[in-house]
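Computed from the coordinates by the stated procedures, all read-outs in this text should not be read as laboratory data. Remember, predicted model here, so these are calculated numbers, not experimental data. Backbone-built Cβ (ideal geometry, glycine too); neighbour counts: all protein chains shown.
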Amino acid sequence: MTGLSVRQVRARYLVLHGLRWLPVGLLIPVTILLMQERGLSLTQIGVVAAAQGLLVLALELPTGGLADALGRRPLLVVAALVNLLSTGLLVVADTFALLVAVWALQGVYRALDSGPLESWYVDSTLAADPDASYEKGLSQGGTVLGFSIAAGALVSGGLIALGPLGPVSALTVPVVAALALQVVSLVALLALLDERRPAAAGAAALRSSLAIAGPMVGQAFGLLRRSRVLAALVVVELFWGFGMVTFENLLPVRLADVVGDPDRAAALLGPGSTVAWLASAAGAALVPLLTRRLGAAPTAMLLHVVQGATVVGMGLLGGPVGVLIAYFACYAVHGAANPVYKGLVHRQVDGPNRTSVISLTSMMGMPAAALGGVVLGFVADRAGVTTAMLAGAMALALAAAFYVPARQAARRDRSRSDVPLDAAPAPDAPVSTR
């Protein structure tokens with residue numbers, strides 16, 4: 001696919017992955033508090049964020065199919081341009097309608113961005129060496145993600161502590177910095193992502209790719225119908241997406257309630273998010289050890305239950321120290337759970353539909369997060385942030401139940417390891433469309 005070695009593919013993937021998440025680290029400590037500063041209630045923030053989930057729901061599968069048909073590089077370039085537009089608008093957006101537009105553009109960006117880089121990495125790795133293990137790169141990607149967001153959050157906290165710069169409020173300064181870093185990420189993408197596809201005229205290639213994208217989406221749904229394991233893994237995203245609202249959206253509000261000052265909470269969240277994402281990176285680095293000892297599916301089940309418990313701690317522990325310790329533990333578990341989940345999903349698909357299948361999982365996760373933002377935001381406004389966090393913790397723990405089919409399939413594979421080579425494959429073996 002690219003002419004690169006396995007090591008070169010992995011190195012480029014990790015660089016691009018890190019640059020993609022570094023600006024996110026700048027935004028995490030400030031986004032929710034910034035919208036509150038601009039006059040939105042938690043319920044309104046949930047509605048604003050729902051615009052992202054709805055756009056992802058509408059566009060995720062078509063863009064995933066288009067990435068598989070047209071190419072991953074063009075989709076990632078368009079995604080980066082949409083992200084720049086969204087972040088630029090966030091710098092100045094001061095009304096409910098403008099903030100809805102910001103998050104709607106984020107929905108378009110997430111739909112375009114979801115999967116192509118990861119699929120490029122997996123397919124390019126297998127093209128360089130069909131026997132190569134791509135799980136190592138996915139685990140390292142989780143570690144890089146954690147370090148990148150940690151670094152961004154640390155810089156964000158420092159920028160907030162410096163205070164406002166002229167007419168730009170303290171909470172807006174990290175948004176401007178994130179915008180600059182997104183430009184750097186786009187330049188790196190153009191330079192490093194090497195994808196070789198058959199040459200064709202631009203308009204003809206686009207028409208051909210659009211014609212192919214629809215059938216590819218249909219094939220992805222076919223994989224979902226034929227694999228009970230994959231169907232259950234997609235449902236995991238429903239509960240996980242709903243519950244992630246607790247530590248992505250509600251934690252800054254909970255911390256602000258505890259310390260009694262939003263600006264001080266945002267300043268604490270800078271270094272706090274740094275520690276949390278370093279913990280996430282450490283969790284991702286421990287994944288190979290955990291999966292070797294327990295197996296992938298049992299590891300994922302345990303991690304989701306433990307993550308629910310950490311969110312309970314975030315909601316119930318008193319004082320900023322207790323809340324932050326639970327927050328760090330939550331992200332350590334989250335960093336470990338992500339590569340385990342991704343590895344299980346990738347093992348269920350083989351062939352040209354990889355991005356479409358990843359899009360299926362994201363299609364469930366983003367609308368679930370949008371629903372969680374509205375529902376848990378409403379609960380937080382009416383019954384308090386702690387009550388909303390406990391509800392989200394329950395959803396996170398319940399996700400563990402949907403790894404049972406993957407665990408059962410792994411047991412069947414082990415029990416059949418001695419059957420003749422011409423025996424029938426296991427019902428939930430990876431499905432090839434080649």
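Mind checking which residues of the range 97-136 are crowded, with 19+ Cβ neighbours inside 10 Å and of a type in the set (Val, Ile, Thr)?
Of everything in the range 97-136, those that are crowded, with 19+ Cβ neighbours inside 10 Å and of a type in the set (Val, Ile, Thr) turn out to be VAL102, VAL108, VAL122, THR125.
Only residues that are surrounded by fewer than 14 Cβ atoms within 10 Å (Cβ to Cβ) and within 22 Å of the chain's Cα centre (by Cα): list them for the range 156-183, please.
Once the filter is applied, which keeps residues that are surrounded by fewer than 14 Cβ atoms within 10 Å (Cβ to Cβ) and within 22 Å of the chain's Cα centre (by Cα), the range 156-183 yields ALA180, VAL183.
Out of the range 309-321, which residues are surrounded by fewer than 21 Cβ atoms within 10 Å (Cβ to Cβ), closer than 24 Å to SER139 by Cα and not small (Gly, Ala, Ser)?
none
Specify the residue that is surrounded by the most Cβ atoms within 10 Å (Cβ to Cβ); the eligible residues are those in the range 1-41 that are in contact with a Lys or Arg (Cβ under 9 Å, 6 or more places away or on another chain) and not hydroxyl-bearing (Ser, Thr, Tyr).
Ranking the candidates gives ARG10 first.
Being in a helix (DSSP H, G or I), surrounded by fewer than 22 Cβ atoms within 10 Å (Cβ to Cβ) and under 16 Å from the mean Cα position of the chain (by Cα) narrows it down to one residue among VAL235, VAL258, VAL306, VAL245; which is it?
VAL235 is the lone residue from the list that is in a helix (DSSP H, G or I), surrounded by fewer than 22 Cβ atoms within 10 Å (Cβ to Cβ) and under 16 Å from the mean Cα position of the chain (by Cα).
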